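Notes follow the structure.
Derivation of every value follows stated rules applied to the coordinates shown; laboratory data play no part. Just so it is clear, the structure is predicted and the values come from calculations on it, not from any experiment. Reconstructed Cβ throughout: ideal geometry from the backbone, glycine too, with neighbour counts over all protein chains shown.
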Amino acid sequence: MIKNIVFDLGEVLIKWNPRNLYRKVFADEREMEYFLTEVCSPQWNSRSDAGELFEDVCAELIKKYPAYEKQIAMYFPRWKEMLGGAVEGSVQILRELKAKKIPLFALTNWSAQTFPIARKLFPFLGEFDGIVVSGEEKLIKPDPRLYRVLLDRYNLKAEESIFLDDNPANVAVAGKLGFTTIRFTSPEELRRQLQHFLG
């Protein structure tokens, strides 16, 4: 029996893309793509999601790529400009589930330094009964230990919970831990799958 639903946040409820900022910064799209692939890469960004401070990871990167000092240095101060707003269809589903009094939780890869900004910008984050943030725990999905933090902290059982995420690797680990899983692709598909599992 499903009792709880665990949401990922990025690209499920909140749009985030560093291109939203760096299209304002780079005149050349190809150079921007090089910068976001090789310099401020997803792998580099995940270090802050795993608990490292932006000040430290940016300083290290500037030493490696001094030609991009200006662009690297703005990554954290102008982080808010990377946000693209809420995924409104998913927010509507979240509120419908809340109205049905289904316990709702979030397990997110997110920097501890930027998550407070998101809390202020997106009031629906207050709808959750609990949120585990990777940067605060210094663990990052798909590390099974982060999922166990959520289960232990809120006294949840994986087999009584749905886990939904847009990242296939994160979904796969959740399945191995006993969660019922949904790979998020769109609010419409999420609604269909939730109806299947919840009736």
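Inspect segment 77-90 for any residue being touching an Asp or Glu at 6+ places or on another chain (Cβ under 9 Å), under 30 Å from GLU160 (Cβ atoms) and surrounded by 19 or more Cβ atoms within 10 Å (Cβ to Cβ) and give the result as yes or no. Give the steps one after another, and end with the answer.
Kept after step one, since they are touching an Asp or Glu at 6+ places or on another chain (Cβ under 9 Å), are these residues of segment 77-90: 87, 89.
When the remaining residues are screened for being under 30 Å from GLU160 (Cβ atoms), the result is 87, 89.
Now narrow it down to the ones that are surrounded by 19 or more Cβ atoms within 10 Å (Cβ to Cβ): 87.
Checking segment 77-90: at least one residue is touching an Asp or Glu at 6+ places or on another chain (Cβ under 9 Å), under 30 Å from GLU160 (Cβ atoms) and surrounded by 19 or more Cβ atoms within 10 Å (Cβ to Cβ).
Conditions tested, residue by residue: (1) buried (at least 16 other Cβ atoms within 10 Å of the Cβ); (2) not small (Gly, Ala, Ser).
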{"residue": "LEU139", "(1), (2)": "yes, yes"}
{"residue": "PRO144", "(1), (2)": "no, yes"}
{"residue": "VAL149", "(1), (2)": "yes, yes"}
{"residue": "ASP152", "(1), (2)": "no, yes"}
{"residue": "LEU156", "(1), (2)": "yes, yes"}
{"residue": "SER161", "(1), (2)": "yes, no"}
{"residue": "ASP165", "(1), (2)": "yes, yes"}
{"residue": "VAL173", "(1), (2)": "yes, yes"}
{"residue": "GLY178", "(1), (2)": "no, no"}
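If you check MET32, MET1, which single one turns out to be assigned to a loop (DSSP other than H, G, I, E, B) and touching a residue at least 12 places away in the same chain (Cβ under 8 Å)?
Only one candidate passes the filter, namely MET1.
Keeping to segment 73-99, report how many residues are assigned to a helix (DSSP H, G or I) and among the β-branched types (Val, Ile, Thr).
We begin by selecting, within segment 73-99, every residue assigned to a helix (DSSP H, G or I); these are 73, 79-82, 88-99.
Adding the requirement that they be among the β-branched types (Val, Ile, Thr) leaves 91, 93.
Residues that pass the stated criteria total 2.
If you go through segment 34-41 one residue at a time, do you hit one that is within 23 Å of GLU137 (Cβ to Cβ) and of a type in the set (S, T, N, Q)?
Yes: one or more hits.
Regarding segment 95-107, can at least one residue be identified that is surrounded by fewer than 15 Cβ atoms within 10 Å (Cβ to Cβ) and either under 25 Å from LEU21 (Cβ atoms) or touching a residue at least 40 places away in the same chain (Cβ under 8 Å) (or both)? Walk me through it before giving the result.
Our first condition is that a residue be surrounded by fewer than 15 Cβ atoms within 10 Å (Cβ to Cβ); within segment 95-107, this holds for 95-96, 99-101.
Going one step further and asking which of them are either under 25 Å from LEU21 (Cβ atoms) or touching a residue at least 40 places away in the same chain (Cβ under 8 Å) (or both), we end up with none.
Looking through segment 95-107, none of the residues is surrounded by fewer than 15 Cβ atoms within 10 Å (Cβ to Cβ) and either under 25 Å from LEU21 (Cβ atoms) or touching a residue at least 40 places away in the same chain (Cβ under 8 Å) (or both).
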